[in-house]
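A short worksheet on the structure shown next.
The values are calculated or read from the model by the stated rules, or taken from the named source; none is laboratory data. If you're wondering where the values come from, they're calculated on a predicted model, not measured in any experiment. Glycine gets a Cβ as well: all are built from the backbone with ideal geometry, and neighbour counts include every protein chain shown.
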Amino acid sequence: MVIIYNVTITRNAILNIVGSCSRFANFEIKLEEWKEVFGILIGALEGAEIHILSAIPLEHDFDKENSMRISDELSYIDTISKSINKNEIVGWFSSRYLGNNKDKIEIKNEDYKFHKKFKNIFPNSIFLLFNQLRIEYILKKVMVSDQIFGFNMFDVKDSELIEISWKCHDDALLIRVLIDELMLRVAELLPRYNLKENYKDLIKKNWSNLLMQFENFKTFCINKNNKGDLQITKLMKSSQSMDLKNLCKSIKKDIDQRLDMLELVEFKEKELANDLKNELIDLCIRVDDLQSSLEDYL
């Protein structure tokens, strides 16, 4: 086993952790219904350094006190490790909301026990605990990591639990802005339940609404019974075409955001996420085709 002295983490890994954890714990959900998300840290080990490059959420509400669940989960993680190309599993992460002190990052006894078992398979690994309630929203000159990003990192060495210092090469203020934006959007763009139904219904509604407005616009353009001031008619046509263009732009922006959000789903949802991505891309193509058709009436 290598003694870890230095840990670096990428912006992408931080956002994966924040986004996947916030999906099941945000202010659209009652605090008592928040779920703790569990996942693995992917990266590279170079001597005494760990480089965390990404994070994969596995499930929510994982019970580390259940020996059978732990055994199954570790076997599952070991299987995943064999499918990872180039990089390796360098640790695990979990969100943490405990009892009356939900705004604290508290280590449970089962974290300690689980990490020791985890290290039997992945000896050079650490763990990260995240709680967005720890984030200080007024930035100060001197702040510790959990106040800025909402997490701390830990390891167990010689049966002793220690906190690990770490660094990220990206600008801290930029990451915080991205974290804040992500936590604001995740409840709407990545619902915790009924993901498939939610996305399919949204795609259907967006396309139906756009198609209806386009048909109304075409009817207006080809209606030879339009009478009245020619200038007003031109203004109305211009206004309606602009509304259609803005709607297309809005739908495509929403598609881009949802494609990004689908990267945060749990590992078992990856196949579903890929199907939904294809449907979103198909919607984007249809929107582009409609925009091209719109030009024929201008």
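So here's what we get for this one:
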| read-out | value |
| --- | --- |
| Considering residues of the range 149-207 that are of a type in the set (Asp, Glu) and in contact with a strand residue (DSSP E or B) (Cβ under 7 Å, 6 or more places away or on another chain) only, the residue modelled with the lowest pLDDT | GLU163 |
| Options LYS82, LYS108, LYS104; residue that is among the basic types (Lys, Arg), assigned by TED's automatic domain parsing to the domain that holds LEU184 and free of Cβ contacts under 8 Å to residues at least 12 places away in the same chain | LYS82 |
| Filtered residue count, the range 242-298, keeping only those that are in contact with a strand residue (DSSP E or B) (Cβ under 6 Å, 6 or more places away or on another chain) and among the hydrophobic types (A, V, I, L, M, F, W, C) | 1 |
| Out of ILE175, ILE164, ILE179, ILE148, sole residue that is in contact with an Asp or Glu (Cβ under 6 Å, 6 or more places away or on another chain), within 30 Å of ASN6 (Cα to Cα) and assigned by TED's automatic domain parsing to the domain that holds TRP34 | ILE164 |
| Test: residue in the range 268-276 that is buried (at least 17 other Cβ atoms within 10 Å of the Cβ) and within 28 Å of SER22 (Cα to Cα) | yes |
| Matching entry among LYS86, LYS117 (being farther than 21 Å from TYR193 by Cα and modelled with pLDDT under 90) | LYS86 |
| Options GLY91, GLY39, GLY47, GLY43: the member that is closer than 24 Å to ASN120 by Cα, touching a Pro at 6+ places or on another chain (Cβ under 6 Å) and assigned by TED's automatic domain parsing to the domain that holds GLU181 | GLY39 |
| Lone unmet requirement of (1) surrounded by fewer than 16 Cβ atoms within 10 Å (Cβ to Cβ); (2) in contact (Cβ under 8 Å) with a residue 12 or more places away in the chain; (3) closer than 19 Å to THR8 by Cα; (4) not polar (S, T, N, Q) for GLU46 | (2) |
| Some residue of the range 67-78 being more than 30 Å from LEU133 (Cα to Cα), surrounded by fewer than 18 Cβ atoms within 10 Å (Cβ to Cβ), outside the structural domain of LEU262 (by TED's automatic domain parsing) and touching a residue at least 12 places away in the same chain (Cβ under 8 Å) | yes |
| Residues (small (Gly, Ala, Ser) and within 19 Å of ASP158 (Cβ to Cβ)) located in the range 75-124 | GLY91 |
